[in-house]
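Take a look at the structure set out below.
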Amino acid sequence: MCSFKAMHKILVAFSLFAALSSGVFGDCTWPNGTDTTFHWWQDASSVFTTYSVYTTDTSGNPEYPIHLSLPLIAVLNATVTGSTISQIREDIALAEWDATNCKWNTLPTFGLLNNLDGCTNGLACPIPTGNQIIKMTVDFSKFQAIINLLKNDAPYQLQFTLTNKQTGDKIVLTSQARAEIK
Ligand SMILES: *[C@@H]1O[C@H](CO)[C@@H](O)[C@H](O)[C@H]1NC(C)=O
Ligand SMILES: *[C@@H]1O[C@H](CO)[C@@H](O)[C@H](O)[C@H]1NC(C)=O
């Protein structure tokens, strides 16, 4: 017969297991609520402040989850507090979520996403001083080697580093999203 004491032990062990697998270490499935929402942040900068970001398809329809095998547009409400930005170097770092170890793993991008000319890769230049809506096109469809690395319906992190070539100022924007690959 199962004693009360044994039963209690089982219950304690079970709640400990539940706490360890969810509460204590957080839910490792979709980081930062990416199952339902686009997550982003911008590193502090004295020349640029982003207030909001959302994603759309090329027709301007809000899109979430995002589709990484098609061009997508990040719509930023941002303020350039420094001088007009007319030459931009763009570097994109891509990482996939490792749900087993609860961390991001950087993916190799074969140099395809580094040292790009931002003005011919998705941004309309020049970007004047002041508050404005900036549309940034992200198009991996031309990089099949990168699309081939991606799993359908998984969390991805894309970190954009935009460097004003004339001043050297860097704008670092990190986004995390649930992505589908068609
Ligand atoms: C979640 O987002 C915050 C910023 O909002 C970031 O500091 C943190 O590293 C992110 N967590 C993961 C697991 O990516
Ligand atoms: C950006 O967002 C702020 C706060 O919601 C708003 O006042 C401003 O008009 C927006 N800027 C543009 C260019 O839409």
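The values are calculated or read from the model by the stated rules, or taken from the named source; none is laboratory data. The structure displayed is predicted, hence computed values, not measured ones. Note that we place each Cβ from the backbone using ideal geometry, even for glycine, and neighbour counts take in every protein chain shown. These area figures cover heavy atoms from the full protein model, side chains too; ligands, DNA and RNA do not enter into them. Shrake-Rupley method; radii C 1.70, N 1.55, O 1.52, S 1.80 Å.
Figures for the structure shown
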quantity: Matching option when the condition is open to solvent by less than 70 Å² (accessible area, probe 1.4 Å), over 29 Å from PRO128 (Cα atoms) and away from ligand 1 (no atom under 12 Å from the Cβ), among PRO31, PRO65; calculated: PRO65
quantity: Counted residues, region 141-173 - those being at pLDDT below 95 and under 15 Å from the mean Cα position of the chain (by Cα); calculated: 0
quantity: Looking only at region 140-170, and only at residues there that are without any contact (Cβ under 8 Å) to a residue 60 or more places away in the chain and part of a helix (DSSP H, G or I), the one that is nearest to ligand 2 (Cβ to nearest atom); calculated: ILE146
quantity: Cβ-Cβ under 9 Å pairs, at least 6 apart or on other chains, region 90-109 side closer than 16 Å to ASP35 by Cα and part of a loop (DSSP other than H, G, I, E, B), far side at pLDDT 95 or above and within 16 Å of ligand 2 (Cβ to nearest atom); calculated: none
quantity: Selection from region 110-129 of residues that are in contact (Cβ under 8 Å) with a residue 40 or more places away in the chain and open to solvent by 30 Å² or more (accessible area, probe 1.4 Å); calculated: CYS125, PRO126, PRO128, THR129
quantity: Among (1) without any contact (Cβ under 8 Å) to a residue 40 or more places away in the chain; (2) within 16 Å of ligand 2 (Cβ to nearest atom) - the single one GLN132 does not satisfy; calculated: (1)
quantity: Filter result (surrounded by 14 or more Cβ atoms within 10 Å (Cβ to Cβ), out of contact with any His (no Cβ under 9 Å at 6 or more places or on another chain), among the charged types (D, E, K, R) and under 24 Å from ASN32 (Cβ atoms)) within region 140-182; calculated: LYS170, ARG178
quantity: Test: residue in region 43-54 that is within 16 Å of ligand 2 (Cβ to nearest atom), open to solvent by 80 Å² or more (accessible area, probe 1.4 Å) and at pLDDT 95 or above; calculated: yes
quantity: Conditions (1) within 16 Å of ligand 1 (Cβ to nearest atom); (2) over 23 Å from ASN152 (Cα atoms); number of the one not met by CYS119; calculated: (1)
quantity: Test result for VAL75, in contact (Cβ under 8 Å) with a residue 12 or more places away in the chain, over 20 Å from THR58 (Cα atoms) and open to solvent by less than 40 Å² (accessible area, probe 1.4 Å); calculated: no
quantity: Output for region 130-139, where each listed residue is closer than 13 Å to LEU70 by Cα and surrounded by 14 or more Cβ atoms within 10 Å (Cβ to Cβ); calculated: VAL138, ASP139
